Structures are given as C-alpha cells and as structure tokens.
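Asks: Structure incoming, see below.
The values are calculated or read from the model by the stated rules, or taken from the named source; none is laboratory data. Note that the structure is predicted; figures quoted are calculated from it, not measured. All Cβ positions, even for glycine, are placed from backbone atoms using ideal geometry, and neighbour counts span all protein chains on display. The area values use the complete protein model at the heavy-atom level, side chains included, leaving out ligands, DNA and RNA. Shrake-Rupley method; radii C 1.70, N 1.55, O 1.52, S 1.80 Å.
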Amino acid sequence: MPLVKLSNIRKSFGPVEVLKGVDMTVDEGQVVAMIGRSGSGKSTLLRSINGLERIDDGVIEVDGECVDPSQIDLRALRLKVGMVFQQFNLFPHLSAGENVMLALKVVKKMGKPETRAAAEQALAKVGLGHKFDAYPSQLSGGQQQRVAIARSLAMAPKVLLCDEITSALDPELVNEVLSVVRKLAEEGMTLILVTHEMRFAREVCDQLVFMHGGRIIEQGAPAELFDRPSTPELAQFVGMVEAR
Amino acid sequence: MPLVKLSNIRKSFGPVEVLKGVDMTVDEGQVVAMIGRSGSGKSTLLRSINGLERIDDGVIEVDGECVDPSQIDLRALRLKVGMVFQQFNLFPHLSAGENVMLALKVVKKMGKPETRAAAEQALAKVGLGHKFDAYPSQLSGGQQQRVAIARSLAMAPKVLLCDEITSALDPELVNEVLSVVRKLAEEGMTLILVTHEMRFAREVCDQLVFMHGGRIIEQGAPAELFDRPSTPELAQFVGMVEAR
Amino acid sequence: MLEFSLWDILSNLLLAARWTVALSVIAFVAGGVAGLLVLFARVAPVPPLQGAAKLYIELFQGTPLLMQLFIAFFALPLAGIETSPWTSAAVALTLFTSAYLAEIWRGCVEAVPKGQWEASSSLAMNFGEQMRWVVLPQALRIAVPPTVGFSVQVVKGTAVTSIIGFAEVTKVGTAITNATFQPFLVYGLVGLIYFALCYPLSLSAKALERKLHAAR
Amino acid sequence: DALERITKEKVLRVAVPQDFPPFGSVGTDMKPVGYDIDTATLLAKEMGAKVELVPVTSANRVPYLTTGKVDLIISSLGKNAEREKVIDFSAAYAPFYNGVFGPDSVKAETVADLDGKTVGVTRGSVEDIELSKVISDKVNVRRYEDNNGTISAFLSGQVELVATGNVVAAAILERKPPRLPNLKFLVKNSPCFIGLGKDEGPLLEKVNAILAKAKTDGSLAAIAEKWLHAPLPKDL
Amino acid sequence: MAYTFDFSSLWDYAPVLVHGVATTVGLTVAGTVLGVGIGIAGAAARSSGNRPLRIAVGAYVELIRNTPFLVQLFFIFFGLPSLGIRMPEWAAAILAMVINLGAYSTEIIRAGIDATPKGQVEAGASLGMTGPQIFRYIILGPAMGKIWPALSSQIVIVMLGSSVCSQIATEELSFAANFIQSRNFRPFEAYFLATALYLALAVGVRWLLARMGHRMFMKGAARA
Ligand SMILES: Nc1ncnc2c1ncn2[C@@H]1O[C@H](COP(=O)(O)OP(=O)(O)OP(=O)(O)O)[C@@H](O)[C@H]1O
Ligand SMILES: Nc1ncnc2c1ncn2[C@@H]1O[C@H](COP(=O)(O)OP(=O)(O)OP(=O)(O)O)[C@@H](O)[C@H]1O
Ligand SMILES: [Mg+2]
Ligand SMILES: [Mg+2]
C-alpha cells in the first residue's frame, strides 16, 4: 500500500485551472523530487497534499485514509503530513525550542517533560541543540530553516513536504540545510521535495516528478530522466537549468 | 584666490571622528574627483561644504567668504554652492519645470517670466527641454537626475557638488548623466564629484583626491595618481576597483 | 406647560445640534490653525521651541478635556480673563484639538523623506520656505485621512462642554430628560444625532485612506 | 461697583436654575421658566435694566458669582456659614423646606432610618450640606453634579430616596412621574436668598429695597401663588 | 480681580483626593482588563468566517466610536433602568468604559491581526493546530506587540475620559475636585491639583504600559 496516493487532483484559482488531474503515488521511505517551470503547479500540488489548498476534485489518500475535497477537518491529515516552507515561517515571538514545543503541547497535548525532551532531540537532529533558547531574529537563515525542519519532525509525521526550502537562503547557507535533508533521507523518512537544486535531486532522490502546465508529464529515476528525457519539455527544462 | 578653501575640517558623529582635519583647495573652473573606500568620509566632507553637516572645527571659505562652524545662517553659502544627490531628491509634487523654478521664485525672488526662462534654459542644458511639464514619477532615473542637476544649475552656483550621482541608476542610464557632467566641466563649471566611475574621473577631472579614514592622503593629477600611487592604501584601492 | 411630544423632543435636540456643529467647526478650524503653529514649533530646528511644543502636546493630551474646560471656565476669570461658556468651550476644545492635530501631523511631516529637506536646504531655502513649498504639500496628502478621522473626536468632545452649561445636544438632552422622564428615549435620540454627525466623517476618513493606499 | 455697571449698561445678569422646578426649569421652547426667573425679571424691571438669564447648576452657581460671570444668583440659594465666607446674601425671597422624599415602598421616618439606604442629592446644595451634617456614615449618599442628575437618578431608580426641597418634590409629583417623591421628613427650613458678590453694598441695599417693596405690594406673593400654589409665608 | 491662591485649604480634603485617585485608577484597571479582553474577542470575531457575527461586531464598533462617551454613560445609567437594568454608578462607569475601550481596541487589534504574514497561519495549520489555537498561540502575541503603542494611547484616552463619570456621581478624581470646590469655593486650586494628578497618572500609566508591553510582547523582536 502506498503511503501517499493522489488520484485525479484538480484545482482552479478562479477561471484558471492550475492542476489538471494529477495522479501520483509515494511509497513509505521514498524520496521524491518535484521539478518544473515556475507556475507549473508544483507548490499548489504540494500544498494540496496537506490541505493548505482545498482541491476541487480528486482524492488524496495518506496512510490508508482518504481525504475527499469536501472534508472539513484536516487535522488528522496534517498530523501525518509535515510541511516546511520557503520562508521558514518560524514564530517570531517564540524561541527555537518553543517553536518546536508549541504544537506538541497544544496539538498532541504532551506533558511538559516529554515535550521538552522531544524538542531537544529534534533540534539536536538538525544540529541546533545549543540554540534552544535563541529567538528566530538571532539565527541565520540556514539555522532558521533547520529549526523549521525540526519543528515539523518533532510532530513525527509520516511524510514531510518541502517547498523550495533553500530558495530564500544565501548561497553559502544552502548546504547546511541540504545536508540535514540528506540525513533525513538516509534515515528512511518519506520526503516530497520541490527543488531547483538539480544536483541534489539527482544524488538524493529515488524518484523524480516533472510537472508542466498543471500535469505530471514525466516521472522516474532521476539519472534516467536527466540523461534521457522523453519529452521535449523536460529536455528543454534540463537544458535551461544546466546552462545556469 | 581659490574658490573653495577647506582648512582643518573636523567632524565627529558621537564618539566617532569621521573627518580628522581635512585641508583642500579648489580653484575656479577646476573639476575635482573625490575617491576612497566606503566610510572614508567623502560624503560627510562634501555635505560639510554646503553646511548640510555642521562641522566641529575648521574653516570653510567659499568665494572669499568664511563660514565658521558656529555660523547659523547658511543661506549665503548655499547660494554659492549647489548640490546634487545620489537619490535625486526631486520634489515629487512638482513637475520638472516647477522643480527648477521653485527656488528661483522663493529664494531668489525672481519675476515669473525670468523664472520660466531660466528654468527652460537649465532643462535645455541637460537635454530635457521637452520634459518641462513631466512629473518626476513620469521620468526615468537618468532623466530625474538630469532634472536635479538642472535645478541646481539654475541657481547659478559658483561650485557644484555631486555625491555619487550615478550610483542609484541602472547601468544603461549612467552615461546620459555623465555626459551632462562632462559638458558642464567643459564649459568651465567648478565641480567637486564623489564618484566610483574611475574611467570618467581619469578623463574628465583635473584633480583627484583620495580619502582614507577621514583624511586626504593623496591628491594630484588623475593619471599620475592612478599609475603611480604613492601610498599602499591608494595602490590597494586602485587594484580593488580595477578588478571589478 | 411641560407636555413634550416626541416632535418637541426631537426638534429641540436638533436645534441644539446646531450649537454642537458650530462649536465643532470652530474648534476644528481654530484647533487646526493652532495645531499648525504647534507643528511648526515641534519640527523647527530650534530645540527650545521643540521642547515647548512637546510640553504643550504632553499637557493637553495628558489631562482630561473636562478639567481643561473647568479651568478655562472657572479658573481663568480668577486671573482676570472673562469667559462665557461659549469662549471657554471654544478655547478648551481648540487647545485639545491643536495638541492632537499637531501630533498627527508631525507623523505626516516625518513621513516626508529626509532627502527632501536636504535638497531644499541645498537650494538655500530656509525652514519656513521648506515647510511651505516642499514638505507641507507632500505631508498634506497623507494627513487628510487621519485629520478627517480626528474630526470625529472633536464632535464627540463637544459633548463634555454640556457640563459647564453650554447648551449643545447633550445638555439639552439632560434638560429634556428631566422634563419628560424619558431618559431611554432622549439619550437614545441624542446618541443617534451624534452618530448621524460622526459616521459620515468616519466613513469618508476610511474612503480617503483607501484611496491614498491605492494611489501609492 | 456692580450697581453702577448695571445702571450704566442696563443689563442685569442673573444666575438661574433650569433643572429645579418650580424655581427654574425649561419649557418646550428650552427657555427657563419658574419662580426664580420671575423674581429676576421683577428685580430687573425695578432697576430699569434688561434681564440676562444665565442657566447654572447647583454645583457651579457660586463660582459663577465669585468669578464675576453674573451679578446675582437667584437660584433657590440657601444661606449657610460656608457660603457667607465667600458671598453676601439679600433678604429671603422664597420659602424652602428641604427634606427627604421617596416612594411609599421605602420606609424612612427619621434621619436614623436612612442608614443603609441610598440617597441622591445635588452636590453643594443646602440639602447636601445640611444632610451631610446629620446623617451617619452608614447612609449611602450619591452626590450628583446638578439637579438633572439627582432627579434622573431618583426617577430611574438608581437611588431609593432623594433629598430636595418640598416644592421641588411637589412640582415633580404634579407631572406624574414613574416613581413618586412623597415626603418622608423635613430636614431644615432654609428659605431662599439672593446671592451677591462680597462688598457690593449699594447693590445689596438696592436688592433688599426692591424685595421689601415686592413683599408689601403683593408682587412677590403673586409669584408664589403662581409657582408654589400657596401664599407667601408670613415669617419670610 | 485680585485672587490669592491658597492650596493649603486642600489639605483637609486629602482623603477625598486619595479616594478619587484610587477610584480613577480602579476604573482604569478594570476598564482596561475587560475592555482589552473584549477587543481581543471582537477582533477575533471580525476576522472570523462567521458573517453575521462580523457584521454585528462591526456595528457595535461603529456605534460606539461615533457617539460620545458621556452620552453612552448617560444612556447606561439613566436610560437602561427603563428596561429594568439597574446598576450602581461605579458599575455603570466601568461598563461604559469597557464598552468604549472594547470598540476601540477591537479596531486597533484587528489592524495588528491583519498585519500577520499569511505564512504564519499556514505554518500553524500545517502543524495540525486548529483555528482558535492558531489565533491564541501564533497570531495574537505578535499582533499585540505591534499595536501595543496605539493601544496604550487609547487606554490613556479612556482613563482621562473617565473624568466625566463624576456626572453620575462616581466618586473618581474629578468628582473629588468638584466636591472640594463645592465645599471650599476654591475652584482654581481644586481643578489645578486634579489636573496635575491626571497628568501624573497619564505619564505613569504610559510608562507602566510601555514596560509591560516590553515584557509581554517584545520577546524575540529583532534587536537592532
Ligand atoms: N492563491 C492563488 N490565487 C490565484 N492564483 C494562484 C494562487 N496560487 C497560485 N496561483 C497560480 O497558480 C499557478 C501555479 O502556481 P504554483 O505556485 O503552484 O507554481 P509553482 O510551480 O510552485 O511555481 P514556482 O516555481 O514559481 O514556485 C500560477 O500561475 C500561479 O499564478
Ligand atoms: N548621520 C550619521 N550619524 C552617524 N554616523 C554617520 C552619519 N553619517 C555618516 N556616518 C558615519 O561616518 C562615516 C563616514 O561616512 P560617509 O558617508 O562620509 O562615508 P563615504 O565615504 O561617503 O562612504 P560611501 O562610499 O559608502 O558613501 C561612516 O562610518 C558612517 O557610518
Ligand atoms: Mg512554488
Ligand atoms: Mg557617501
């Protein structure tokens, strides 16, 4: 049974159809990279998976449970699906540790000592055990993004969604975040990443998904797709990215 | 008799001494370029010459008249010294023509027809005779900066100060402003320019002044200074700039 | 002799509303002029003037309008200055209005970029000329919405003048209440009259604000 | 000299109540009417001046006089030692018994019965001063700025009892209010006097002369008949 | 007119003044706590998805902001008893202040909420938090920090506005001044002293609120 299964996902913003029937499955432990031109619908698809965008049609199945588009309570879904954003979105009035503990406390209703232990462990995993009491404004962009990852991890999601999590970082800070993601992949975490880091995708991911105009038009092993793109669109996209 | 004579100019911001005793003379018709690292005090020195910064010590003499630091009324000085800024600072609620005419009317109390004639002439000189009625928001950056130059010129100053007047411009607009300055230089205007355009400084200026740490540590003919810097600081600065 | 019909009540209240409006207009105009003077003092490059203006603003924003009224009405005469309810109300409201407007407008003046001051200084303009020709025209644009918004506070402030016996809407309302024994009705009507005066001002302040944002 | 000014300018400025029937209240045209207003008009006529009525509250009428905003206070003003320190008084011009009033449902026959009850009174009035002297501190006294407040508070049931003049209570009763101010007991006979600024000898003499004449020629009695529906007491 | 000032006569009335100051402070504290509470609830309601609720709160805010406090006070104290709703004057004063500050703070706090970046809400939702939890733990704190200066000014305005509560016999500071001048006939001294006390209170309250705001909401604010 796949962990995530998307069937015929459709989504419009007003008159514009942004997702035109997307099917996709992700197995437990798989690391999937989503690539594609700007505006092709990658973010929208990712955000649909944890219900940040309400889809118009189709079915999302996570860990065996269906989420149909008319469903109101998305909490159960969101407990299984973590998300990390391009703009970190740390809570500025809480320290790194409190950022991680908040949802454990109010959503999972964990006791105080367990919460703290879980937060310390999550921060240690992203190499920031010593920054427990630092506020976001006192951290570099790379550190903030790692706290954001820890915050999602601490909730023990089945799958973690990452939407261009290094795009807002200065180039010298990108690697510290990518190496955290690489570690997660190696530890068996199920990951769906939207990324422009092609080399990283090639090295770390099991599966590459190429979106174009609201559809997935190619998918497969990264090396295969990069080296032998079967559509002219992907060929062009790969050429464009590699010219940079 | 020099047109501008600075003797032992000193200026501190709080505990930090930014100008540490600067002496400099500029003769009528001379074109002086001031160069130096960021923070070396170029802007502060320039702004002191027309009293935008109140100096702590020293004497500024313009056209034979002394301005001592305790002086309150700077009007006489400012009538002799024009200034153009990096950020244009046009008055957004006035058209190009009105920008030029305003000070003629309220400061020089010129009659209406003369004001208009003078403004038209000044705008024509910077190649914007046809933009008399355009508002700043309708002009490109280069055009705005040329209006700013015209606005200063119309007041018929003895000397014109320019502080990095091309730094805020897109590269393709820099030349239209520089060519106006070049024309002014050729017509015999006395100019003091802070600039990072080394090639321009070399071609147009009579005199180069190199500031470092709040002092003028070298001055002379541009070609000379560039080719045979006598201090390691200038040598390093020239090397740095040319590497770009 | 003391039978008030609903129409008697309403017409008397509406007649009294004239004085509310008149007092508001006077306070707003005089307060605006005084506020402009305080503003000039507050932003002029003359430290003692700035200090005095700051003190003025602190004083009138830090004490109740009611106390200002009492002092203007009962205390000034002791210093030999004759005051009627009219003049005391006008004076106190003017002082109150000017302090708030000066502070509102200072924010608008400070929103004008520093480069505008520097450029006009370099053109040899003095402080007055800079204010008149460069800064105020730009500050004015952003000052309109909050100024209109504040006019609501002025209209409402006039209610307090009823306490020194100025016969505006609230005062007449209390008098009628006592003659009719219908406080619920009378104060309800009084409230509605104020609402009818103030709400259009609030609405236009909001609309002006939206327009300003859209223009940017 | 106030009298000189009055005769010169031919204007007599008088502080009158507008919230204290029958001495002064407003008609449907918002003009003050009542015993005090008629008295003021009478005085002005005798002085050959025009009357200028200045509506005041009980709390602020003395400051009006001491700050020179009016020449006289004709505002059911009672005489007491505190006031005599700052202003002068004419002869009495109207009777006034102040007392405690309230609906039948509230029992109060003596001052002692007021303990634990809420009594409304107008701040600075004779009732306030006199009542404050005799009550214990178990009485809950609410002091309002003006009679409008006091009466409104009583009528709306915010206070159980009200301390005011007998004639005032009568005037209210006449208008059939929702809560009836029936007499509980009288506190003090304190007739009304006209208040004048200190050291205004000539004006005081003039006012007293006019009052004496009005008492003998029946014009004051006419005012009493009109507003109090009773003859002027002999001892006034 | 030669007037000799005599502030010493105020000494006898020191207890009245102390009582007045204490009442003014008490009214302000109660009005602030409850008023800001209403403001938070009102702001939450105004940014909620419930349309009738939004409109109702909007009407409340506009009605209060466009009528004078004094009239609101009279309506509550003299008018409501006609409907059988009766309360002591201190309760009426607090109620009027709460309703008044509630309306203003609804508007002020809503502006702070509107300034919350959308990403903050999405991050909270992605962590499985409910709408109310997101409001309580993520939006409210930073929003309050942003609008605290504006809210503080409004609290001072309401405190100064409480002076008119003397009209319904609430024994606060301006009542004390009026009471004193009706006994010693020295209006200037009484009003002058009361005004000075108000000024001191205003300065004190502003200082206190600034410190409180700093402790409560400025955690993690960018250090410049
Ligand atoms: N909230 C919205 N309202 C209207 N249109 C939207 C909204 N969000 C996205 N869109 C549109 O949907 C399309 C797909 O957007 P999406 O963000 O999914 O693209 P993307 O592949 O993530 O692009 P990028 O690489 O730039 O992030 C775009 O045309 C975008 O303009
Ligand atoms: N208003 C001010 N207050 C405090 N410090 C100032 C102020 N203006 C300038 N300084 C400081 O004075 C020093 C000199 O500044 P100045 O602007 O003159 O340098 P500059 O040579 O023009 O540099 P740049 O090339 O970056 O324009 C700098 O260290 C600057 O930080
Ligand atoms: Mg995207
Ligand atoms: Mg500079």
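Asks: Exactly one of these conditions fails for C:Thr170: (1) crowded, with 22+ Cβ neighbours inside 10 Å; (2) at the interface with chain E (Cβ under 9 Å from one of its Cβ atoms); (3) at pLDDT below 90. Give me its number.
Replies: (3)
Asks: Show the residue pairs meeting these rules: Cβ distance below 6 Å; 6+ apart or different chains; first residue within the range A:81-102 and without any contact (Cβ under 8 Å) to a residue 12 or more places away in the chain and within 9 Å of E:Ala123 (Cβ to Cβ); second residue open to solvent by 20 Å² or more (accessible area, probe 1.4 Å) and within 16 Å of ligand 4 (Cβ to nearest atom).
Replies: As it stands, the answer is none, since no pair meets every condition given.
Asks: Does the range D:154-203 hold any residues that are more than 13 Å from every other protein chain (Cβ to nearest Cβ), open to solvent by 40 Å² or more (accessible area, probe 1.4 Å) and of a type in the set (A, V, I, L, M, F, W, C), and which are they?
Replies: Listed by number, the residues that qualify are D:Ala170, D:Leu183, D:Leu186, D:Val187.
Asks: Also: Working only within the range B:30-44, note down all residues that are open to solvent by 30 Å² or more (accessible area, probe 1.4 Å) and either more than 8 Å from ligand 2 (Cβ to nearest atom) or among the small types (Gly, Ala, Ser) (or both).
Replies: If the condition is that a residue be open to solvent by 30 Å² or more (accessible area, probe 1.4 Å) and either more than 8 Å from ligand 2 (Cβ to nearest atom) or among the small types (Gly, Ala, Ser) (or both), then B:Gln30, B:Ser38, B:Gly39, B:Ser43 are the ones that fit.
Asks: Something else about it: Going through the range D:80-101 one residue at a time, which ones are aliphatic (A, V, I, L, M), in contact (Cβ under 8 Å) with a residue 40 or more places away in the chain and more than 11 Å from chain E (Cβ to nearest Cβ)?
Replies: The first filter runs over the range D:80-101 and keeps only residues aliphatic (A, V, I, L, M), leaving D:81, D:86-87, D:91-92, D:94, D:100.
Checking the rest, the ones that are also in contact (Cβ under 8 Å) with a residue 40 or more places away in the chain come to D:86-87, D:91-92, D:94, D:100.
Within the range D:80-101, D:Ala91, D:Ala92, D:Ala94, D:Val100 meet the criteria.
Asks: Check the range E:119-131 and report whether any residue there is closer than 30 Å to E:Thr23 by Cα, more than 14 Å from chain C (Cβ to nearest Cβ) and either of a type outside the set (Asp, Glu) or in contact with a helix residue (DSSP H, G or I) (Cβ under 7 Å, 6 or more places away or on another chain) (or both).
Replies: no
Asks: Only one residue in D:Val70, D:Val16 is assigned to a strand (DSSP E or B), touching a strand residue (DSSP E or B) at 6+ places or on another chain (Cβ under 7 Å) and either crowded, with 24+ Cβ neighbours inside 10 Å or among the β-branched types (Val, Ile, Thr) (or both). Which one?
Replies: D:Val16
Asks: Can I ask one more? Kindly indicate which of C:Val29, C:Val38 is closer than 30 Å to C:Gly191 by Cα and out of contact with any Asp or Glu (no Cβ under 6 Å at 6 or more places or on another chain).
Replies: Sole residue among the options that is closer than 30 Å to C:Gly191 by Cα and out of contact with any Asp or Glu (no Cβ under 6 Å at 6 or more places or on another chain): C:Val29.
Residue-by-condition table, conditions (1) out of contact with any Asp or Glu (no Cβ under 9 Å at 6 or more places or on another chain); (2) within 14 Å of chain C (Cβ to nearest Cβ); (3) within 14 Å of ligand 2 (Cβ to nearest atom):
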site	(1), (2), (3)
B:Leu19	no, no, yes
B:Leu46	no, yes, yes
B:Gly51	yes, yes, no
B:Arg54	yes, yes, yes
B:Val59	no, no, no
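Asks: Among the residues of the range C:85-92, is any within 14 Å of chain E (Cβ to nearest Cβ), under 30 Å from D:Ala170 (Cβ atoms) and open to solvent by less than 20 Å² (accessible area, probe 1.4 Å)?
Replies: Within the range C:85-92, none of the residues are within 14 Å of chain E (Cβ to nearest Cβ), under 30 Å from D:Ala170 (Cβ atoms) and open to solvent by less than 20 Å² (accessible area, probe 1.4 Å).
Asks: Quick check on the range B:116-128. Is at least one of its residues more than 9 Å from chain C (Cβ to nearest Cβ), charged (D, E, K, R), away from ligand 4 (no atom under 16 Å from the Cβ) and closer than 26 Å to B:His196 by Cα? Let's see the steps before the verdict.
Replies: If we filter the range B:116-128 for residues that are more than 9 Å from chain C (Cβ to nearest Cβ), which is where we start, we get B:116-128.
Right, trim to charged (D, E, K, R) and you get B:116, B:120, B:125.
Now narrow it down to the ones that are away from ligand 4 (no atom under 16 Å from the Cβ): B:116, B:120, B:125.
Add one more test, that the residue is closer than 26 Å to B:His196 by Cα, and what stays is B:125.
Checked against the condition, which is being more than 9 Å from chain C (Cβ to nearest Cβ), charged (D, E, K, R), away from ligand 4 (no atom under 16 Å from the Cβ) and closer than 26 Å to B:His196 by Cα, the range B:116-128 yields at least one hit.
Asks: Hey, another quick one. Quick one: which helices (runs of 4 or more DSSP H) lie wholly within the range E:1-88 and hold at least 1 residues that are farther than 30 Å from C:Leu189 by Cβ and within 14 Å of chain C (Cβ to nearest Cβ)? Working first, answer last.
Replies: On the way: elements: E:14-46, E:51-65, E:69-74.
In the range E:1-88, the matching helices (runs of 4 or more DSSP H) lie at E:14-46.
Asks: Here's a follow-up. Does E:Phe175 meet the test of being of a type in the set (Phe, Trp, Tyr), touching a residue at least 60 places away in the same chain (Cβ under 8 Å) and within 14 Å of chain D (Cβ to nearest Cβ)?
Replies: So E:Phe175 fits the description; yes.
Asks: On the basis of being within 14 Å of another protein chain (Cβ to nearest Cβ), part of a helix (DSSP H, G or I) and more than 16 Å from ligand 1 (Cβ to nearest atom), does A:Ala103 make the cut?
Replies: Yes.
Asks: Of all the residues that make up the range E:117-165, how many are open to solvent by less than 30 Å² (accessible area, probe 1.4 Å), more than 26 Å from A:Leu90 (Cα to Cα) and in contact with a Lys or Arg (Cβ under 9 Å, 6 or more places away or on another chain)?
Replies: 3
Asks: If you take just the helices (runs of 4 or more DSSP H) that sit entirely in the range B:137-228, which of them hold at least 1 residues that are touching a helix residue (DSSP H, G or I) at 6+ places or on another chain (Cβ under 6 Å) and open to solvent by 40 Å² or more (accessible area, probe 1.4 Å)?
Replies: Counting at least 1 such residues, we get B:171-186, B:198-204.
Asks: Look through the range C:27-67, keep the residues that are assigned to a helix (DSSP H, G or I) and closer than 17 Å to C:Thr170 by Cβ, and return whichever of them is most open to solvent (accessible area, probe 1.4 Å).
Replies: Per the stated criteria, the residue is C:Leu65.
Asks: Related question: Which pairs turn up if I take residues in the range C:121-146 that are over 17 Å from B:Phe88 (Cβ atoms) and more than 10 Å from chain B (Cβ to nearest Cβ) and look for partners that are of a type outside the set (A, V, I, L, M, F, W, C) and open to solvent by 40 Å² or more (accessible area, probe 1.4 Å) with beta carbon separation below 7 Å, at least 6 apart in sequence or on another chain?
Replies: Here the result reads C:Phe127/C:Pro45; C:Pro145/C:Glu209, each pair linking the range C:121-146 to a residue that is of a type outside the set (A, V, I, L, M, F, W, C) and open to solvent by 40 Å² or more (accessible area, probe 1.4 Å).
Asks: Looking at the range A:18-29, which of its residues are open to solvent by less than 60 Å² (accessible area, probe 1.4 Å) and away from ligand 3 (no atom under 16 Å from the Cβ)? Give the derivation first.
Replies: Our first condition is that a residue be open to solvent by less than 60 Å² (accessible area, probe 1.4 Å); within the range A:18-29, this holds for A:18-19, A:21-22, A:24, A:26, A:29.
Correct list: A:Gly21, A:Met24, A:Val26, A:Gly29.
Asks: Identify the residue in the range B:1-17 that is of a type in the set (A, V, I, L, M, F, W, C) and within 15 Å of ligand 2 (Cβ to nearest atom) and, among all such residues, is surrounded by the most Cβ atoms within 10 Å (Cβ to Cβ).
Replies: B:Ile9
Asks: Determine whether the range A:41-51 contains at least one residue that is more than 12 Å from ligand 3 (Cβ to nearest atom), modelled with pLDDT of 90 or more and closer than 14 Å to A:Lys11 by Cα. Can you show your working first?
Replies: We begin by selecting, within the range A:41-51, every residue more than 12 Å from ligand 3 (Cβ to nearest atom); these are A:48-51.
Next cut, modelled with pLDDT of 90 or more only: A:48-49.
Next cut, closer than 14 Å to A:Lys11 by Cα only: A:48-49.
Yes, that holds for at least one residue.
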